[in-house]
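The values are calculated or read from the model by the stated rules, or taken from the named source; none is laboratory data. It should be emphasised that the depicted structure is a prediction, and the values quoted were computed from it without experimental measurement. Here the Cβ positions follow ideal geometry from the backbone for every residue, glycine too, while neighbour counts run over all protein chains shown.
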Amino acid sequence: MTGESAVETARRLVATLLAQEVSDAVLSPGSRSGPIALALHAADDQGLIRLHVRVDEREAGYLALGLAKASGRLTPVITTSGTAVANLHPALLEALHSRIPVLAVTADRPSHLRGTGANQTTVQPGLFPGITFTDRITGLAGAVRGGGPVHLNVELDEPLVESVSWKFPQNSWSMNTPAAGRTQTLETGPRTLLVAGDGADPALAAVAQQAGWPILAEPSSGLRGAPTAVACGRVVLGGRLIERVERIVSAGHPTLSRPVTNLLTRTNLPTVHVGDASTFPGVPGANVTFADRISVRGGTGDESWLRSWIQAGDRIQNALLQAEQFTVADAVWKAATRGLLVLGSSNVVRDVDLVAPVRAPGPRVLANRGLAGIDGTVSTAIGAALASYGRAIALMGDLTFLHGANGLLIGPIEPRPDLTIVVLNDDGGGIFHTLEQGSPDYSLAFERVFGTPTRTKIDALCAAHGVKHRLVEAGQLAAYLSRAPVGIEVLEVQVTRAGRRALQSVVSGLAAV
């Protein structure tokens, strides 16, 4: 970039993004990124790209994550220099562990200022370990080819802004080239269980049907509606059927339950993981092999094997649907069917996993399961809704909502989706009641260091952002969800954390019945 002005660098960057078929870009404004901001604004004005402006860099990163997750397209998020760059790290980590094509474009001071006291100057190259890095716009095509997040650091010298005419060509080609993959052919014979985690290959539904393999499908696996999907899979694993498993096939990134993780980390069962070590939920032993895709031969599998899993799962789910605690999860799933559903971490995704129907049409489900954090879920949901069509609903707990409340900090002229956010408010960390920390042994410390009640008034928070809010009873939720929103609305359902641990014991006990 020697001898090139900041404006020309910005022009070349935006032209390169268009060549990558970028349709949306997220900008968190600042001075050093000024020329890129003007170039993106011009591209938006020309109808070549849709620009989203956010003042919080952390939420901007998660907005880009949601847009990329739902669209499958490379989505850039642009920041100025200094601490603004560091705020992208949580979203980039999630993108890294779920292989989402987010491009962090960070404006930087000229390199000769590093190591000095120059304002907002730090060492930005290599700030995100493990994430592909380039400081050359010409190197962008190669950097993004492998999928997953990329960091492009762009040095810009003064003058940063000039009065110029921006005009960009609309390219219709992409620099991406498909990567070659490894296909492994398996015999249908051994009694096989297919575990489908977040982002699994949808083609596995047909493979499992042909082979007669039961599928334990997490809500965001994309395989919940597969013909051989098993309800309440993680509960069924607690019964005797697990003793008859002779082989495991896993796909996606299964992280939702300990029974599944324990199964996949056993070393006495042949295991084929469709993916690589980055999506396998443990240290793979010598019994684990990896493939990019699988096929089967040898005719249909053992029909009684499949039937026993399906019957066990259906029996457990029918019993759980009577529990009042699952009313919200059930209502949200039904309202989102054939639309988009974004799930927060902790209890809500696990509730949905237990009561959401299988072997039937359902919503497209997205969740941040790369690192399974509560960070940025509001912005992820808004981004996903902006990139989708049809009804969009997000379900999350109160701590998840509050942690990402700056996702509601949207300017009045920015694009907004039609999105309903359902907040299951139990005033704290309900999931800890189901873990070791929820034991009576830790009751003295529990409420302060795990329960963490906040008493925050969610209605007042929504009012501050100009977002519609309604407090509803669990039994009323289905009726309210039948009405499609205009813009963003929040439906708050207040529940109690009391009984969560007891419910967990009931769920576990159903496997042995």
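Just a yes or no: is a residue in region 416-430 exposed (fewer than 13 other Cβ atoms within 10 Å of the Cβ) and either in contact (Cβ under 8 Å) with a residue 40 or more places away in the chain or not assigned by TED's automatic domain parsing to the domain that holds Ala64 (or both)?
Quick first cut of region 416-430, residues exposed (fewer than 13 other Cβ atoms within 10 Å of the Cβ) only: none.
No, every residue in region 416-430 fails to be exposed (fewer than 13 other Cβ atoms within 10 Å of the Cβ) and either in contact (Cβ under 8 Å) with a residue 40 or more places away in the chain or not assigned by TED's automatic domain parsing to the domain that holds Ala64 (or both).
Give region 480-512 a look and list any residue that's assigned to a loop (DSSP other than H, G, I, E, B), within 22 Å of Leu320 (Cβ to Cβ) and in contact (Cβ under 8 Å) with a residue 12 or more places away in the chain, or say none. It would help to see each step written out before you state the result.
Taking region 480-512 first, the residues assigned to a loop (DSSP other than H, G, I, E, B) are 482-487, 495-499, 511-512.
When the remaining residues are screened for being within 22 Å of Leu320 (Cβ to Cβ), the result is 495-499, 511-512.
Val495, Thr496, Arg497, Gly499, Ala511, Ala512 - these are the residues of region 480-512 that are assigned to a loop (DSSP other than H, G, I, E, B), within 22 Å of Leu320 (Cβ to Cβ) and in contact (Cβ under 8 Å) with a residue 12 or more places away in the chain.
Take region 177-198 and flag every residue that is among the small types (Gly, Ala, Ser) and at pLDDT 95 or above.
Step one: of region 177-198, the residues among the small types (Gly, Ala, Ser) are 179-181, 189, 196-197.
Once the filter is applied, which keeps residues that are among the small types (Gly, Ala, Ser) and at pLDDT 95 or above, region 177-198 yields Ala196, Gly197.
When the residues of region 317-347 are narrowed to those that are modelled with pLDDT under 95 and among the hydrophobic types (A, V, I, L, M, F, W, C), which ends up nearest to Val493 (Cα to Cα)?
In this case the residue turns out to be Phe326.
For region 113-132, state whether one or more residues are within 19 Å of Ala19 (Cα to Cα) and modelled with pLDDT of 95 or more.
The first filter runs over region 113-132 and keeps only residues within 19 Å of Ala19 (Cα to Cα), leaving none.
No, because not a single residue in region 113-132 is within 19 Å of Ala19 (Cα to Cα) and modelled with pLDDT of 95 or more.
Taking only pairs six or more apart or across chains, which ones have beta-carbon atoms under 7 Å, a first residue in region 15-26 that is on the phi > 0 side of the Ramachandran plot, and a second residue that is of a type in the set (Lys, Arg)?
Final answer for the pair search is Glu21/Arg73.
In a helix (DSSP H, G or I), in contact (Cβ under 8 Å) with a residue 40 or more places away in the chain, out of contact with any Lys or Arg (no Cβ under 9 Å at 6 or more places or on another chain) and not β-branched (Val, Ile, Thr): which single residue out of Trp333, Trp309 fits that description?
Details: Trp333 fails: in contact (Cβ under 8 Å) with a residue 40 or more places away in the chain.
Of the residues listed, the single one that is in a helix (DSSP H, G or I), in contact (Cβ under 8 Å) with a residue 40 or more places away in the chain, out of contact with any Lys or Arg (no Cβ under 9 Å at 6 or more places or on another chain) and not β-branched (Val, Ile, Thr) is Trp309.
Yes/no per residue for (1) in a loop (DSSP other than H, G, I, E, B); (2) more than 16 Å from Ile374 (Cβ to Cβ):
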position: Asp427; (1), (2): yes, no
position: Ile431; (1), (2): no, no
position: Gln437; (1), (2): no, yes
position: Tyr442; (1), (2): no, yes
position: Glu447; (1), (2): no, yes
position: Thr454; (1), (2): yes, no
position: Ala464; (1), (2): no, yes
position: Ala478; (1), (2): no, yes
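Can you tell which of Asp441, Asp426, Asp375, Asp398 is of a type in the set (Asp, Glu) and farther than 19 Å from Asn347 by Cβ?
Values: Asp426 fails: farther than 19 Å from Asn347 by Cβ; Asp375 fails: farther than 19 Å from Asn347 by Cβ; Asp398 fails: farther than 19 Å from Asn347 by Cβ.
Answer to the check: Asp441.
Name the one entry in Val272, Val195, Val207, Val249 that is in a strand (DSSP E or B), closer than 26 Å to Asp314 by Cα and out of contact with any helix residue (DSSP H, G or I) (no Cβ under 7 Å at 6 or more places or on another chain).
One residue alone meets the criteria, Val249.
Is region 397-415 home to any residue that is in contact with a His (Cβ under 8 Å, 6 or more places away or on another chain), among the hydroxyl-bearing types (Ser, Thr, Tyr), crowded, with 24+ Cβ neighbours inside 10 Å and under 19 Å from Trp333 (Cβ atoms)?
No, because not a single residue in region 397-415 is in contact with a His (Cβ under 8 Å, 6 or more places away or on another chain), among the hydroxyl-bearing types (Ser, Thr, Tyr), crowded, with 24+ Cβ neighbours inside 10 Å and under 19 Å from Trp333 (Cβ atoms).
List, please: which pairs have Cβ atoms under 8 Å, are six or more places apart or on different chains, and start with a residue in region 259-283 that is acidic (Asp, Glu) and end with one that is surrounded by fewer than 18 Cβ atoms within 10 Å (Cβ to Cβ)?
Asp276/Phe290
Filter region 67-104 down to residues that are touching an Asp or Glu at 6+ places or on another chain (Cβ under 8 Å), farther than 16 Å from Val55 by Cα and outside any loop (DSSP other than H, G, I, E, B), then give me how many there are.
6
Would you be able to tell me the number of residues in region 265-288 that are under 15 Å from Ile215 (Cα atoms) and either hydroxyl-bearing (Ser, Thr, Tyr) or at pLDDT below 95 (or both)? Show your work before the answer.
Pass one, region 265-288, residues under 15 Å from Ile215 (Cα atoms): 271-274.
Then drop every residue that is not either hydroxyl-bearing (Ser, Thr, Tyr) or at pLDDT below 95 (or both), which leaves 271.
Residues meeting the conditions: 1.
For every residue, the table says whether it meets (1) surrounded by 17 or more Cβ atoms within 10 Å (Cβ to Cβ); (2) not acidic (Asp, Glu).
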site	(1), (2)
Thr434	yes, yes
Gly438	yes, yes
Tyr442	no, yes
Val472	yes, yes
Tyr480	yes, yes
Ile488	yes, yes
Glu492	yes, no
Val506	no, yes
Ala511	yes, yes
